[in-house]
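Encoded as structure tokens, the structure appears first; notes follow it.
The values are calculated or read from the model by the stated rules, or taken from the named source; none is laboratory data. On a predicted model such as this, the values are computed, not experimentally measured, just so you know. With ideal geometry, Cβ positions are generated from the backbone for all residues, glycine too; neighbour counts draw on all protein chains shown. Quick note on the areas: whole protein, heavy atoms, side chains included, nothing else; ligands and nucleic acids left out. Shrake-Rupley method; radii C 1.70, N 1.55, O 1.52, S 1.80 Å.
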Amino acid sequence: MVDSSPKYIFVTGGVTSSLGKGIISASLAKLLQARGLSVTIQKLDPYINIDPGTLNPYEHGECYVTEDGAETDLDLGHYERFLNVPTSQANNVTTGRIYLSVINKERRGDYLGKTVQIIPHITDEIKYRIKLLGKSKKYDVVITEIGGTVGDIESLPYIEAVRQLRYDLGYQNTLVIHLTLVPYLAASGELKTKPTQHSVKILLENGVQPDILVLRTEHQLPNDVRKKVALFCNVTVDAVIESIDVPTIYDVPMKMKEEGLDVITMKKLALESDLEPDLIAWEAFLKKHKNPKKEIQLALVGKYVELPDAYKSISEAFIHSGAANETKVSVKMIHSEKLEQENIEEVLQGVHGILVAPGFGHRGIEGKIMAVKYARENNIPFLGICLGMQCAVIEFARNVLELQDAHSTEMHRNTPFPVIDIMEQQKGVTDMGGTMRLGAYDCILSPESNAFQTYGTSNISERHRHRYEFNNDYLEKYKNAGMVPSGINPDTNLVEIMEISNHPWFVGVQFHPEYKSTVLNPHPIFRGFVKAMVEYKERQK
Ligand code: GLN
């Protein structure tokens, strides 16, 4: 429990989107945490959807799910992976959610006949959401990342809320870090600071003076460039931080430490810590990550493969578990829809493991089922996640149990063998947003399973995001043929893990282990899968 009120740091972005505010926020948080402070990070997203749960992954990348079942922005995944501390619904708020609560209050009559306006009602709601995390008394520092780019119409209420909060909470208790881009003009060999100056001007027009500027750049910033930015943007020169491109996002905390981002932040907020940041475990991870002793190739079969962000947490989980195994995991992205027309042997030849990804809907489903069959028949280590596990169940029904046309009722409502079926509680659901089986549920593992060996314990809890489930009417048939339920929900009897006993490593999980994998705690399922792939490669020699 933290006694004093927290300090609030706001991270804004200018010049362009996608500069990596999430990684900078997570890196600063990591450095402060490594000095013994408790830190949380919140993302405010200026779009009208209530949450990203209903967004197509092509629009917004992966939808990340928290312990409490919130469907959130993928930046929350970075926050958890860096800090090793769970986030919650309060850590991600969209304009849609802000407006929804204001409109609900208006309908209830809470505003007592007043005209409801952006200022003060929307800005008050934003301020309330920012302060909510601080009120929990769990944190010394709350970092709020404002999505979007300053100057966008939709960001305006957020910037105004920041301006007011600085006044309300005191300038010594709040800090604004502005992230911009310093482009390099190859023709003249120059780094240009004008876009940064303009972007700071936009903040100033809105009454916000940034305290620290983090400049994304492809080239080192010479001192005169730093001085120029400091002079024209009213910040001290030590508050101009270079963020040069680095090989991996996990290098960013080290870079920010070199640049003194944590030191200047602590100075400006009068935060006390005698400690030097303890990054020993982080550095050990980086060392292993950069010096792998082995290399394996994984096939990731999914239908959103054109956009790598759609499988962000999965890719990161392989980085964590690869380092734990001192192994480089090269990921070959395979489009499940195209696989249906291709020669599967040619495409999957030489891979040491196959992962069938989560997903929704019919498109590409047969390609996924073909990939499962290939893994099962060729004894290739296999991991199926959510829809991937459901595909493994369907494949086994069709090709081992000889239940022709077996399917999930999601894809084929009238299948003669609905081995995957809609959950009872889902049958009456008509709204699509926030209504899946979401968040953490307990699961008990059976003693002799691969899953038990992998986790080293029998009581686990994992995060979910689905409407369909294994149909227990078929359970005996599966068990008798060698596909066994190795993880069961103790309260509902839902099958959470299926594995094939006489296969070296064939595991399908109804939950999403990737959401819980962090740098310092690589997930057991991914660790076990990478180990199985390494062993498979050894056997091929
Ligand atoms: N579409 C499947 C379901 O709703 C799987 C979901 C997923 O892979 N996240 O059950």
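For segment 190-225, the set of residues classified as open to solvent by 30 Å² or more (accessible area, probe 1.4 Å) and in a strand (DSSP E or B) consists of GLU190, LEU191, ARG216, listed by residue number. Could you tell me whether segment 508-531 includes any residue that is farther than 25 Å from THR54 by Cβ, in a strand (DSSP E or B) and either touching a residue at least 40 places away in the same chain (Cβ under 8 Å) or open to solvent by 10 Å² or more (accessible area, probe 1.4 Å) (or both)? Yes, some residue in segment 508-531 is farther than 25 Å from THR54 by Cβ, in a strand (DSSP E or B) and either touching a residue at least 40 places away in the same chain (Cβ under 8 Å) or open to solvent by 10 Å² or more (accessible area, probe 1.4 Å) (or both).
Just give me the residues in segment 281-334 being touching a helix residue (DSSP H, G or I) at 6+ places or on another chain (Cβ under 9 Å), in a loop (DSSP other than H, G, I, E, B) and among the charged types (D, E, K, R), in sequence order. If the condition is that a residue be touching a helix residue (DSSP H, G or I) at 6+ places or on another chain (Cβ under 9 Å), in a loop (DSSP other than H, G, I, E, B) and among the charged types (D, E, K, R), then LYS303, GLU306, GLU326 are the ones that fit. Count of segment 273-301 residues, restricted to those that are within 23 Å of GLN349 (Cα to Cα) and in contact (Cβ under 8 Å) with a residue 60 or more places away in the chain, is 5.
Consider segment 265-277. How many of its residues are in contact with a helix residue (DSSP H, G or I) (Cβ under 9 Å, 6 or more places away or on another chain) and open to solvent by 10 Å² or more (accessible area, probe 1.4 Å)?
Total meeting the criteria: 8.
With respect to (1) away from the ligand (no atom under 14 Å from the Cβ); (2) free of Cβ contacts under 8 Å to residues at least 60 places away in the same chain; (3) open to solvent by 10 Å² or more (accessible area, probe 1.4 Å), the lone exception for ALA406 is condition (3). Answer with yes or no whether GLN453 is open to solvent by 60 Å² or more (accessible area, probe 1.4 Å), within 16 Å of the ligand (Cβ to nearest atom), in a helix (DSSP H, G or I) and at pLDDT below 95. So GLN453 fails the test.
Applying the condition of being crowded, with 23+ Cβ neighbours inside 10 Å and closer than 13 Å to VAL93 by Cα to segment 131-171 and asking which residue is modelled with the lowest pLDDT yields GLY147.
Is there a residue being within 19 Å of TYR64 (Cα to Cα), open to solvent by 20 Å² or more (accessible area, probe 1.4 Å) and more than 16 Å from the ligand (Cβ to nearest atom) anywhere in segment 348-355? Before you say what the answer is, go through the steps one by one.
Narrowing segment 348-355 to residues within 19 Å of TYR64 (Cα to Cα): 355.
With the extra rule that they be open to solvent by 20 Å² or more (accessible area, probe 1.4 Å), the set shrinks to none.
Within segment 348-355, not a single residue is within 19 Å of TYR64 (Cα to Cα), open to solvent by 20 Å² or more (accessible area, probe 1.4 Å) and more than 16 Å from the ligand (Cβ to nearest atom).
Filtering segment 420-436 to residues that are within 26 Å of the chain's Cα centre (by Cα), within 15 Å of GLY361 (Cα to Cα) and either open to solvent by less than 70 Å² (accessible area, probe 1.4 Å) or modelled with pLDDT of 95 or more (or both) leaves only MET436. Scanning segment 460-505 for residues that are in contact with a Cys (Cβ under 8 Å, 6 or more places away or on another chain) and either open to solvent by 60 Å² or more (accessible area, probe 1.4 Å) or basic (Lys, Arg) (or both) turns up ARG465, PRO490. Inside segment 370-380, residues that are touching a Cys at 6+ places or on another chain (Cβ under 9 Å) and either free of Cβ contacts under 8 Å to residues at least 24 places away in the same chain or more than 14 Å from ASN343 (Cα to Cα) (or both) make up a count of 1. Per the conditions (1) in a helix (DSSP H, G or I); (2) near the ligand (Cβ under 10 Å from one of its atoms); (3) out of contact with any Gly (no Cβ under 9 Å at 6 or more places or on another chain), the sole criterion not satisfied by GLN390 is (3).
So which of ASN49, ASN92 ends up being touching a strand residue (DSSP E or B) at 6+ places or on another chain (Cβ under 8 Å), within 28 Å of THR265 (Cα to Cα) and surrounded by 14 or more Cβ atoms within 10 Å (Cβ to Cβ)? Write out each step before concluding.
Numbers: ASN49 fails: within 28 Å of THR265 (Cα to Cα).
Only one candidate qualifies: ASN92.
Just one of the listed residues (PHE417, PHE360, PHE382, PHE396) is touching a Phe, Trp or Tyr at 6+ places or on another chain (Cβ under 6 Å) and either within 16 Å of the ligand (Cβ to nearest atom) or modelled with pLDDT of 95 or more (or both), and it is PHE382. Number of residues in segment 98-119 that are open to solvent by less than 80 Å² (accessible area, probe 1.4 Å) and either more than 36 Å from the chain's Cα centre (by Cα) or charged (D, E, K, R) (or both) equals 5.
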